[in-house]
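For reference, the structure is listed below as C-alpha cells.
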Amino acid sequence: MYQLLENLTNNFSLFMPAEIVIFLLSICPLIELKGGLIAAALLGVNWKVSLLVCFLGNIFPVIFILLFIKKILAFFKNTKLMKFVEKIEDKADKKSKEVLKYKRVGLMLFVAVPLPGTGTWTGSLIASFLNMKIKDAFISITIGSFISAILMAVASYGLLGIFM
C-alpha cells in the first residue's frame with residue numbers, strides 16, 4: 001500500500017497541487033483518509049492543512065453512498081458485475097455484525113479505527129444495509145472519520161516524521 005501511495009503521490013504531484021492530490025486520494029475507496037494523510041506527509045503538506053483537506057475529502061462521498069448505494073448495487077446485480085456486487089454485500093454484511101449491537105456508537109467506532117477494511121466507505125455501506133437513518137449515519141461516520149483523521153495525522157506526521 002505504501003508503494004502504491006508513493007507512486008500515486010509522485011505522479012499526480014507533477015501536474016496538480018499537493019492539496020488536490022491528497023483530497024482526491026482521500027475520496028478513493030480503499031485509500032481514503034488513511035492514505036491521504038500518509039501521502040500528505042510524503043508531500044510535505046502542513047499537518048493542519050492536510051488534516052482538514054483529507055477529512056473533507058473523506059466525508060465528501062458519504063452522503064452520496066448513503067443515498068444511492070442500494071439503488072446502484074441493485075442495478076448492477078442484473079449485469080456481469082453480479083459477483084462483484086455480491087462480494088461487496090457480503091463484506092458489508094460481515095462487518096455490520098460488529099456494528100449492529102451499538103448502532104450509532106458502533107458505527108462511529110468502526111469508522112474511527114484506522115485499519116484496513118474500516119472507514120467511511122465501508123461504514124456507509126454498513127449503515128445503508130442496516131437501514132440507519134441518514135442523519136444518524138452521517139453524524140456517526142463524520143465523528144468517526146474525524147477521530148481517524150487525528151489518529152492518522154499523529155501516525156503520519158509523528159511516527160513517519162521520525163524516519164523521514
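Computed quantities for the displayed model
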| read-out | value |
| --- | --- |
| Matching helices (runs of 4 or more DSSP H) fully within the range 75-143 where at least 3 residues are β-branched (Val, Ile, Thr) and outside the structural domain of Leu30 (by TED's automatic domain parsing) | 82-100, 120-129 |
| Whichever residue in the range 122-134 is hydrophobic (A, V, I, L, M, F, W, C) and buried (at least 23 other Cβ atoms within 10 Å of the Cβ) and, among such residues, is nearest to the chain's Cα centre (by Cα) | Leu125 |
| Qualifying residue in the range 56-68 (condition: at pLDDT 95 or above and small (Gly, Ala, Ser)) | yes |
| Some residue of the range 148-157 being under 25 Å from Ala18 (Cα atoms), under 14 Å from the mean Cα position of the chain (by Cα), aliphatic (A, V, I, L, M) and not in a helix (DSSP H, G or I) | no |
| Unmet criterion (only one of (1) modelled with pLDDT under 90; (2) surrounded by 13 or more Cβ atoms within 10 Å (Cβ to Cβ); (3) more than 17 Å from Asn131 (Cβ to Cβ)) for Leu73 | (3) |
| From the options Lys70, Lys87, residue that is over 30 Å from Glu19 (Cβ atoms) and in contact (Cβ under 8 Å) with a residue 24 or more places away in the chain | Lys70 |
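Quick grid of which residues meet (1) surrounded by 24 or more Cβ atoms within 10 Å (Cβ to Cβ); (2) within 19 Å of Ile150 (Cα to Cα); (3) aliphatic (A, V, I, L, M); (4) in contact with a Lys or Arg (Cβ under 9 Å, 6 or more places away or on another chain):
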| position | (1), (2), (3), (4) |
| --- | --- |
| Gln3 | no, no, no, no |
| Asn7 | no, no, no, no |
| Phe15 | no, no, no, no |
| Ala18 | no, no, yes, no |
| Ile27 | no, yes, yes, no |
| Lys34 | yes, yes, no, no |
| Ala40 | yes, yes, yes, no |
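The values are calculated or read from the model by the stated rules, or taken from the named source; none is laboratory data. From a predicted model like this one, the values you see are computed outputs, not experimental measurements. For neighbour counting, all protein chains shown are included, and Cβ atoms are generated from backbone atoms with ideal geometry for every residue, glycine included.
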